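S.K.: First, the structure itself, so that you have it in front of you.
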Amino acid sequence: MKKNYLIDMDGVLVAGSTPIPGADSFIRRLHESQLEFLVLTNNPLYTPRDLAHRLKIIGLEIPAERIFTSSMATARFLQAQRDRGTAFVIGESGLTSAIHEAGYVITDHKPDYVVLGETHAYNLELVTKAIRLVAAGAHFIATNPDPSGPTESGLAPACGAMAALIEAASGRSPFFIGKPNPLMMRTALNYLGVHSEHTVMVGDRMDTDIIAGVQSGMETILVLSGVTRREDVLRFPYQPTLIVDSAKDIEL
């Protein structure tokens, strides 16, 4: 039976704003083989259309409907938990658009949820408001647990770091939606309309991509084009199904 593919973006297809060599041929082979696939990212900043455009500029032809973000998974989680609820949101258009599309109202007046994503510049006034709302009883949701992320000028604090600040000040722990939470994987599988038994997770991180695939019952492929080195792999109690140098070496 043909396999379906869930593919991490950073470290597998791109490094920052540069395509990883061979990523374009891998995507082209997926299209030519008419296989079902989704590009997954914990990055909640951009909408799928934004990401598709950014990828196209650097030579990767991936339609918006083939991109699934932690913002989309977060919006679907909220909708399943409380239909047409309210949320106070810290994030960019990738997150606010998804939450609006889920039928939610974004407000700072007694919201059901405080939803933390990532922004290009965290605002202390908004973070303080989030702390007070969470302390007052709003449920605390965060798009992804990544403590930092790469930028053109170096590392920058990401959602996980700001979530830790809000948790320390409010005394309430967040529920993280993105990888390695298997919820992100299950939501992506449902979005694609496929089963985990027939799906492969491709990623460059053992502690997010591979463990999420293992916990979701998928085959896993670790690529060495990102942050993980081959000698690092044996330190983990779970192992990928296959290790390859990069996505171009994956046999479909």
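S.K.: Sequence gap at least 6, Cα distance under 8 Å: using those rules, report the relative contact order of the chain to the nearest whole percent.
M.R.: 20 percent
S.K.: Shifting gears a bit: What ranking do H31, H109 get, fewest neighbouring Cβ atoms within 10 angstrom at the top?
M.R.: Sorted ascending by nearby Cβ count, the order is H109, H31.
S.K.: Please say if the stretch 141-208 is rounded, prolate or oblate, where rounded means a/c under 1.5 for a ≥ b ≥ c the square roots of the C-alpha gyration tensor eigenvalues, and otherwise the choice is prolate for a/b larger than b/c and oblate otherwise?
M.R.: oblate
S.K.: Can I ask one more? Just how large is the dipole of the stretch 82-176 about the Cα centre, in debye to the nearest 20, putting +1 at every Lys and Arg Cβ and -1 at every Asp and Glu Cβ?
M.R.: 400 debye
S.K.: Okay, moving on. Using DSSP to call loops (not H, G, I, E or B), can you name the GluC sites (Glu not before Pro) in the stretch 62-151 whose Cβ has at most 13 other Cβ atoms within 10 angstrom?
M.R.: Answer by residue number: there is no such site.
S.K.: Using only alpha carbons, build the gyration tensor for the stretch 82-176 and give me the equivalent ellipsoid semi-axes, biggest first, whole Å.
M.R.: 21, 16, 11
S.K.: Here's something else I'd like to know. Using a 10 angstrom cutoff on alpha carbons, build the Gaussian network for the chain and name the most mobile of L78, L45, L126.
M.R.: Of L78, L45, L126, the most mobile in the Gaussian network model is L126.
S.K.: If we count every other residue with Cβ under 13 angstrom of N43's Cβ, Lys/Arg +1 and Asp/Glu -1, where does the sum land?
M.R.: Charge balance in the 13 Å sphere: -4.
S.K.: Give the residue list of chymotrypsin sites (Phe, Trp or Tyr not before Pro) in the stretch 164-252 that are DSSP loop and have at most 13 other beta-carbon atoms within 10 angstrom.
M.R.: When the chymotrypsin sites (Phe, Trp or Tyr not before Pro) of the stretch 164-252 are filtered for loop state and at most 13 Cβ neighbours within 10 Å, Y238 remain.
S.K.: Count neighbours as other Cβ atoms within 10 Å of each site's Cβ, and list the trypsin sites (Lys or Arg not before Pro) in the stretch 207-252 that are DSSP loop with at most 10 such neighbours.
M.R.: R229
S.K.: Can you tell which of I58, I106, I221 shows the greatest fluctuation in a Gaussian network model of the chain with Cα springs below 10 Å?
M.R.: Judging by the Gaussian network model, the answer is I58.
S.K.: While we're on this one: Rounded to the nearest 5, what % of DSSP beta bridges with both residues in the stretch 82-176 are antiparallel?
M.R.: Around 25 percent antiparallel, to the nearest 5.
S.K.: Continuing with the same structure: If you take the square roots of the eigenvalues of the alpha-carbon gyration tensor of the chain and sort them as a ≥ b ≥ c, do you get rounded (a/c under 1.5), prolate (a/b over b/c) or oblate?
M.R.: Prolate is the answer for the chain, as a/c is 1.5 or above and a/b outweighs b/c.
S.K.: Before rounding to the nearest 500, sum -39500 (n - 2.57) across all DSSP H runs of length at least 4 in the chain and divide by the residue total; then give [θ] at 222 nm in deg cm²/dmol.
M.R.: Computed ellipticity for the chain at 222 nm equals -9500 deg cm²/dmol.
S.K.: For the stretch 82-176, calculate the relative contact order in percent as a whole number, restricting contacts to Cα pairs under 8 Å that are 6 or more residues apart.
M.R.: Relative contact order comes out at 25 percent.
S.K.: Measure up K3/K248; K2/K179; K2/K248 against 22 Å on the Cα-Cα distance and list the ones that go over.
M.R.: From the list (K3/K248; K2/K179; K2/K248), the Cα-Cα distance tops 22 Å for K2/K179.
None of the figures in this text is laboratory data; all of them are computed from the coordinates on show. Keep in mind that what you see is a predicted model, and the values were worked out from it rather than measured. All Cβ positions, even for glycine, are placed from backbone atoms using ideal geometry, and neighbour counts span all protein chains on display.
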